[in-house]
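Reviewing the structure listed below.
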Amino acid sequence: MRSWGWGLLALLVALAPASAAPVRPSSPRASQAQPFRLTATAAVLMDATSGQVLFDRNPSLVWPPASTTKIMTALVALERGHLDTPIEISPAAARFRIGSVLGLPAGARIPLRDLLYAMMLSSANDVAVAVAEGIGGSVPAFAALMNERAAQLGAAQTHFTSPHGLYDRNNVSTAYDLALIARAAMHYFTFREIVHTRRWLFSVPGRRSRWLINHNKLLAWYPGADGVKTGYVHQSGHTLVASATRNNLRLIAVLLNPRDLWGDASRLLDYGFAHYHSALVPSGPSASPPP
């Protein structure tokens, strides 16, 4: 009977559509919370302070990350560049016209700070190319820096081939890896400031300034939303890395291929804020849920 019972338990675990790890719940009933509606193919909810995964669905599924790739682009640029350094726009960046672009003029010198705002708010792919060339010397060299940083963060299933995330079968990540990358980026005040900004006045010498609007709609209506990046390519569907903070608890939510992007994001974050608080997870074996 015991072997039959364990076999049934294993079958139920295997069939479960998602799992939650109640590490430090706000109430004794948190671990018994009813499942909530989630349409995403893969998802992760992470405590940004401890890195603890509070909820996951297919967290290791390899997937095209689309423009959430730019989180790593910004992280590497911030760590290796200076915000006030002017980046000269190359002819290659000026000619780049795939997907969302701003149409940068060749030869213009634009501070890295402004380029990062344009890249993260408007998801401009030509700006991502300009950042990569300005920091790494070339797109391939910068992609190598991105992969080196991903390895340092433990994002073992991530591989980048570009700074913008336009579809490439070798530009891949996972929900868990994207949460790791976003967690590292959110440690930087400048990054948090950029991704929390709803609009930015972008100026190019010799051209009229224009307002850039952040594609992250959560910033406008979800209480506590403070980042980070949306993405879309046909091959991956919508992707989203979101951050929100309440009562000293910052949560990072990652969604890959949701059918209800903003609904999934709000329900996943609501789950975290309803069932967890900001106390640090204790170290040692007791911090991990039993198998």
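None of the figures in this text is laboratory data; all of them are computed from the coordinates on show. Predicted model, so just to flag it, every value in this text is computed and none were measured. All Cβ positions, even for glycine, are placed from backbone atoms using ideal geometry, and neighbour counts span all protein chains on display.
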Quick check on the exposure proxy: order Leu261, Leu268 from fewest to most C-beta atoms within 10 angstrom.
Leu261, Leu268
Pairwise label distance in nanometres, Arg199 with Gln157, each label 7 Å out on the Cα-Cβ vector
4.0
Residue order, fewest to most surrounding Cβ atoms within 10 angstrom, among Phe55, Phe36:
Phe36, Phe55
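Find the Rg to Rh ratio for region 126-267, where Rh is the Kirkwood radius over alpha-carbon pairs and Rg uses the same atoms. Kindly include the intermediate steps, with their values, before the conclusion.
Values: Rg = 15.8 Å, Rh = 16.4 Å.
Here the Rg-to-Rh quotient is 0.96.
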Normalised by the residues of region 56-148, what does the relative contact order come to in percent, with Cα pairs under 8 Å and at least six apart?
29
Mean 1/r over all different Cα pairs, inverted: what Kirkwood radius does region 218-269 give, in Å?
11.2
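If I stretch the segment between Asn170 and Ala106 completely, what's the gain in nm (0.36 nm per residue apart, minus their alpha carbon distance), one decimal?
Values: separation 64, 0.36 × 64 = 23.04 nm, distance 2.91 nm.
Taking 0.36 nm per residue and subtracting the Cα distance, the gain is 20.1 nm.
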Ordered by fewest other Cβ atoms within 10 Å, a rough proxy for footprinting exposure, Arg109, Arg57 read Arg109, Arg57
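Tell me the volume per residue, in Å³, of the convex hull enclosing the alpha carbons of region 123-193.
Numbers: hull volume 6.9 nm³, N = 71.
Dividing the Cα hull volume of region 123-193 by its residues yields 97 Å³.
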How big is D, in µm² s⁻¹, for region 38-276 by Stokes-Einstein at 10 °C and 1.306 mPa s if Rh is the Kirkwood radius over C-alpha pairs?
91
